[in-house]
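What follows is one structure encoded as structure tokens, with my remarks underneath.
The values are calculated or read from the model by the stated rules, or taken from the named source; none is laboratory data. Because the structure is predicted, anything quoted here is derived from the model rather than measured. Here Cβ is always computed from backbone atoms with ideal geometry, including for glycine, and neighbour counts include all displayed protein chains. These area figures cover heavy atoms from the full protein model, side chains too; ligands, DNA and RNA do not enter into them. Shrake-Rupley method; radii C 1.70, N 1.55, O 1.52, S 1.80 Å.
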Amino acid sequence: MSSKFQRPLNWLLQQFQLKPGKPAIASSLQTLISVLGPIGVGVLMGHPAASAIAVMGAWLVGLVNVDGAYHQKATAKIAAAISITAMLFLANLVHDTLWLSALTTFLVMFLAGFVGLFGQVASSISLITSIMFIVALARFATFPDLSTVLHQCALCLAGGIWSTVVSLGLWVVRPYSPVIQAVANCYGTLSQLVESAGERAANPGDRPEWTTRFLQAQDNFTQALTSARSVWSAVWTAQRAANLPGNQLLILIEDAPQIANSVVALVEHLSISSNHRLFQQLRREIQQAMKQLAAALQRMSDAVREADGKGFIANGKSSVHLEDFDRAIAALEHQRQALRTQLNSQTLAVQAEDYAELISFGKIVATLKLLAEQVHSDAEVIIALQRGDVGTIAKAGVTRPRLPALSSILGPLRDNLTFHSVLFRHALRLALVATIAEVLASILHIPRGYWITVTAVVALKPNYGGTSETTLQRVLGTVLGGIIGIAIVTLIHNPWVIGACLLLLMVTAVAVRPLSFSLFITLLTPAIILLLNVTSKGGWQIGVMRIADSLAGGLLALIGSYLLFPRWERQQLPAQLERTIRANLGYFQQVIAYYLNPNQDSSAGSIANLRRQAALENANAAAAAQRLFSEPRHVRGEVEPITTLILYIRRFFNSVITLAEHRRELSGEYQCPDFKQFADAIVQVLENLADALQQGQPPRSLPALDPYLEAIHDHIEQLHANRVSELAADLGTATPTLQAIRERTPISTELDRIAQEITSIHSAIVRLQE
């Protein structure tokens with residue numbers, strides 16, 4: 001295929017690329033049962049057409065996706081069922097008068113857009129509520145008397161409650177399933193993080209592409225860990241106490257970031273050692289050890305996922321096997337000892353040259369051994385969870401996550417009732433676009449014109465980047481799905497085959513929804529076309545109208561997002577970058593404080609909390625940059641400084657993690673010349689950079705860091721020279737000099753990397769401010 005056609009094809013395939021994860025088979029089966037229930041009742045009672053509203057209610061409530069405890073899901077779905085019923089009733093009250101329906105549409109859409117202030121669940125409920133109001137206003141609001149309206153509302157509420165019961169039917173049987181699945185997902189993303197780290201050992205030269213993949217894997221793990229903590233808190237805070245399975249799951253949650261930190265430190269050591277001459281002699285063993293570590297973590301994830309809420313595995317057998325990982329670690333240690341013996345047999349001049357490399361290799365092996373200990377410890381917890389052991393498990397350093405304090409509803413509302421608020425602008429934009437679409441469809445008498453409004457409402461996001469991405473995915477999916485629907489309606493006339501295609505499309509669409517929104521719309525569109533052909537006449541023309549209306553709705557969403565009160569990401573990004581730099585600065589200061597005073601109280605907890613905050617801000621900055629890249633080119637401006645800045649902030653964060661992980665090997669206070677002066681200089685630079693972003697001014701010139709680093713290098717070189725003299729005098733292996741080398745050489749190397757990263761961060765901000 002010529003390059004002329006290859007590029008558009010690659011772009012098209014990229015829009016349908018699947019996200020990491022598994023199809024939502026359980027959700028698809030629940031949706032099938034939720035939809036078939038009302039249809040079956042309608043057929044048995046001789047009123048199949050009357051079940052349409054109940055099916056609509058069940059379908060919309062099933063779309064509310066809540067990642068949390070069962071009681072959270074139940075609350076959200078019941079609230080959704082009541083909300084869509086209220087919208088059906090309201091649509092019946094206002095549908096007769098155009099100006100009244102337009103005014104009500106404006107108010108409903110404004111409130112729906114503003115509800116996003118209270119989180120993702122509230123946004124999900126507000127979206128399906130908006131869709132119900134739009135559809136009801138066009139299709140269901142035609143009933144002449146109050147009793148008929150109340151009857152239809154009862155059907156809608158019954159459909160929503162039925163969907164809630166179906167989705168929560170396993171609550172009694174598996175009360176801890178949401179936590180178990182969240183923990184399993186956490187260890188699954190941890191396995192992907194290790195797998196990505198292993199690519200660094202396999203392909204040392206593939207740095208730019210690898211860095212992007214590794215940082216994305218870090219973000220995925222951070223999101224999974226945050227979700228696991230939130231779900232655990234929701235389940236056991238409501239019970240006011242955690243039982244044995246709760247304690248076991250909490251241990252796994254709190255151990256996961258320790259494993260992730262060790263992996264990040266390992267990657268830093270690999271980045272340093274991969275350029276050494278002797279690295280090739282250990283590369284295969286290191287690569288194999290990391291491959292087996294990733295496999296072990298994936299088996300642990302699968303073992304947790306298979307465990308049910310009572311605390312045992314279905315087949316009674318444990319699937320956590322670590323023998324291959326242990327053999328890989330043993331092979332690596334054997335190869336390192338062989339390399340050490342080889343170097344000891346060489347001359348002192350050669351020893352002095354390669355000794356620093358050997359110390360670096362020892363750090364890699366020590367980190368992998370530490371990871372092996374952590375994995376074995378967590379494997380024992382998982383096996384105990386599978387067996388349903390009774391008793392208590394003592395685990396030091398485990399603290400329960402706390403739920404955030406309940407904040408006032410009026411406070412956030414009052415703070416965002418201003419034109420400077422992004423959500424206020426979004427709510428106003430959503431209300432205007434939906435009202436314009438509704439009025440145009442009514443005045444122009446467009447058949448099924450509510451499709452235009454629904455498309456615009458679903459596509460509109462608080463930012464232009466999100467709107468353009470959703471619009472593109474929805475329009476592409478609708479066009480392809482419409483063609484599929486037209487083909488099925490034209491070629492197939494057997495009602496049983498059409499019914500089977502309809503159910504298959506609906507089930508498959510829900511299953512792939514977490515993996516690809518484009519594919520979800522592609523499968524959902526022919527399902528809607530078939531459903532309309534089953535319940536009413538229309539033929540293939542329904543598919544054509546669906547495509548045309550989606551195009552019109554998407555275009556309306558793009559125009560509204562671009563023209564109506566836009567708040568471009570370029571204007572908001574400096575504030576996010578400032579928060580990101582200050583969060584990383586706080587983490588760096590706490591780690592340095594531990595080096596200077598290792599006996600300070602509560603240092604480990606403070607470091608963990610600050611690391612968590614820095615990781616979240618790093619992920620927020622990366623997400624903001626992605627939104628910026630989706631904006632029009634003339635608005636977003638030059639993106640290279642922003643890309644560079646975020647990349648080196650992330651690298652700085654990983655270097656600080658490596659220092660934090662190394663602190664456990666210190667025998668006391670870190671006594672290295674100019675260390676405190678170097679750290680103070682870094683703090684001053686980061687504070688100035690954050691102030692520059694806040695004030696919109698160029699930062700001060702970078703201070704000279706080389707004198708501090710040279711003093712530290714001289715100190716390390718003197719230690720290595722002393723160690724070579726000890727080897728010549730055959731003084732043995734365990735000496736204070738050797739201990740000092742093991743403690744201080746990795747620190748010196750990491751400080752070099754931090755200096756380079758700070759220089760790149762400073763340079764990027766200078767270009768950004770220009």
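Count of the stretch 219-255 residues, restricted to those that are open to solvent by 10 Å² or more (accessible area, probe 1.4 Å), among the aliphatic types (A, V, I, L, M) and at pLDDT 75 or above, is 1.
Inspect all residues belonging to the stretch 415-430 and state whether any of them is touching a helix residue (DSSP H, G or I) at 6+ places or on another chain (Cβ under 8 Å), among the charged types (D, E, K, R) and farther than 13 Å from Ile547 by Cα. Yes: the stretch 415-430 contains one or more residues that are touching a helix residue (DSSP H, G or I) at 6+ places or on another chain (Cβ under 8 Å), among the charged types (D, E, K, R) and farther than 13 Å from Ile547 by Cα. Residue count for the stretch 167-198 satisfying the condition of being at pLDDT below 85, open to solvent by 30 Å² or more (accessible area, probe 1.4 Å) and in a helix (DSSP H, G or I): 1.
In the stretch 69-84, the condition of being without any contact (Cβ under 8 Å) to a residue 12 or more places away in the chain, surrounded by fewer than 24 Cβ atoms within 10 Å (Cβ to Cβ) and within 27 Å of Val179 (Cβ to Cβ) is met by at least one residue.
Pairing each residue of the stretch 94-121 that is closer than 16 Å to Val454 by Cα and among the basic types (Lys, Arg) with any residue that is open to solvent by 80 Å² or more (accessible area, probe 1.4 Å) and not in a helix (DSSP H, G or I), provided the two are 6+ apart or on different chains, yields no C-beta distance under 6 Å. Considering each residue of the stretch 581-591 in turn, none proves to be part of a loop (DSSP other than H, G, I, E, B), touching a residue at least 40 places away in the same chain (Cβ under 8 Å) and surrounded by 15 or more Cβ atoms within 10 Å (Cβ to Cβ). Of all residues in the stretch 419-428, none satisfies being modelled with pLDDT of 85 or more, outside any helix (DSSP H, G or I) and either out of contact with any strand residue (DSSP E or B) (no Cβ under 8 Å at 6 or more places or on another chain) or surrounded by 21 or more Cβ atoms within 10 Å (Cβ to Cβ) (or both). For the stretch 428-454, a residue qualifies if it is under 16 Å from Leu127 (Cβ atoms) and of a type in the set (A, V, I, L, M), and the qualifying residues are Leu430, Ala431, Val433, Ala434, Ala437, Val454. Select, from Ile488, Ile547, Ile483, Ile521, the only residue that is modelled with pLDDT of 80 or more, at negative phi, in a helix (DSSP H, G or I) and open to solvent by 70 Å² or more (accessible area, probe 1.4 Å). None of the others qualify; the one that does is Ile483.
Scanning the stretch 551-571 for residues that are of a type in the set (Lys, Arg) and at pLDDT 90 or above turns up nothing.
Look at Gly481 and say whether it is under 25 Å from Ala527 (Cα atoms) and under 32 Å from the mean Cα position of the chain (by Cα). Spelling it out, Gly481 is indeed under 25 Å from Ala527 (Cα atoms) and under 32 Å from the mean Cα position of the chain (by Cα). Residue check: Asn597 meets all listed conditions (1) modelled with pLDDT of 85 or more; (2) open to solvent by 40 Å² or more (accessible area, probe 1.4 Å) but one, namely (1).
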